[in-house]
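The values are calculated or read from the model by the stated rules, or taken from the named source; none is laboratory data. Since we're looking at a predicted model, the values are computed, not measured. Don't worry about glycine lacking a Cβ; one is built from the backbone with ideal geometry, like all the others, and counts go over all protein chains shown. In case anyone asks, the SASA skips ligands and DNA or RNA and just uses the protein heavy atoms, side chains included. Shrake-Rupley method; radii C 1.70, N 1.55, O 1.52, S 1.80 Å.
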Amino acid sequence: MTAFDTLKNQLLNCRRCGLCEIRTHTVFGEGPPDARVMLIGEAPGATEDELGRPFVGRSGKLLDLLLSTVDLSRERNVFIANMVKCRPPQNRDPSAEEMAQCMELLEQQIALINPAIIVCVGRVAAQALMFADFKVTQQHGQFFELQGRLMMGTFHPAALLRNPRQKPDAFGDFLRLRSKIRQVCPEVYN
Ligand code: URA
């Protein structure tokens with residue numbers, strides 16, 4: 001068994017926080033295990049919990065569409081995961097405790113995938129992984145080098161569904177992502 005499979009098994013059976021009591025499925029994430037680009041969202045919603053897959057509800061469809069506009073997909077070249085692997089009740093923000101318990105496993109997941117670029121999808125991931133005061137509306141689309149990786153924060157697709165006027169800005173972020181990929185890991189597009 002690979003280290004990746006071992007981590008996956010560990011996560012699927014995780015009982016570190018109370019969310020394990022109410023989950024239907026743990027959502028490990030999906031994509032090539034050696035993807036150069038990793039997207040990290042917040043936490044599974046109802047559809048994700050039901051199916052055990054990340055971003056497969058309405059906002060997931062929009063995320064897939066944004067990715068496809070720049071020739072990216074979870075099937076080919078992007079790994080999609082979440083900060084927290086089990087669904088918080090009523091889709092509330094994950095608590096500090098839940099995030100802390102999941103962070104160690106997320107760090108292992110990032111280390112094994114070893115992406116060159118991480119995109120934080122939404123405020124919760126951007127504040128946890130980049131800057132505690134990260135403001136998506138002001139800092140989206142900017143790349144920062146943090147711990148040897150390039151990181152960028154963008155709008156959460158659920159926020160775009162609520163506020164479609166931000167869609168052009170989000171599209172711009174994905175165009176910037178494509179340029180950055182061509183610069184630092186052009187093999188993604190080969
Ligand atoms: N929202 C997220 O942040 N992650 C998912 O997997 C689905 C919706």
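Data overview
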| quantity | calculated |
| --- | --- |
| Theoretical ellipticity at 222 nm over the chain - DSSP helices of four or more residues, -39500 (n - 2.57) apiece, nearest 500 | -12500 deg cm²/dmol |
| Full-stretch length increase - ARG178, ASN190 - with 0.36 nm per residue and alpha-carbon distance subtracted | 3.0 nm |
| Positive-end extreme of charge dipole, the stretch 13-120 - chosen from ALA116, ALA100, SER68 (charges on Cβ) | SER68 |
| Packing-based order for 96-104, 173-181, 142-150, using average beta carbon neighbours within 10 Å, highest first | 173-181, 96-104, 142-150 |
| Cα-projected label distance for PHE144 with ASN114, points at 7 Å along beta-carbon direction, nm | 2.5 nm |
| Relative contact order, percent, the stretch 38-166 [alpha-carbon distance under 8 Å, six or more residues apart] | 28 percent |
| Tensor-based shape of the stretch 124-180 (alpha-carbon gyration tensor, a/c under 1.5 rounded, otherwise prolate or oblate) | oblate |
| With every protein chain in place, the chain: carbon and sulfur % of accessible area (1.4 Å) | 48 percent |
| Backbone HN-Hα couplings from phi across the stretch 59-69 [Karplus 6.51/-1.76/1.60, Hz, Gly and Pro as x] | 5, x, 4, 5, 4, 4, 5, 4, 4, 5, 5 |
| Förster radius 22 Å - calculated FRET efficiency between ARG76 and ASN9, Cβ distance, rounded to 0.05 | 0.30 |
| Difference of contour (0.36 nm per residue) and Cα-Cα distance, GLN90 to MET103 | 2.5 nm |
| For the chain, convex hull volume per residue from C-alpha positions, Å³ | 110 Å³ |
| Solvent-accessible heavy-atom area per residue, rounded to whole Å², over the chain at 1.4 Å | 48 Å² |
| Highest average packing first - 4-14, 68-78, Cβ atoms within 10 Å | 68-78, 4-14 |
| Considering only the stretch 1-127, percent of DSSP beta bridges that pair antiparallel, nearest 5 | 10 percent |
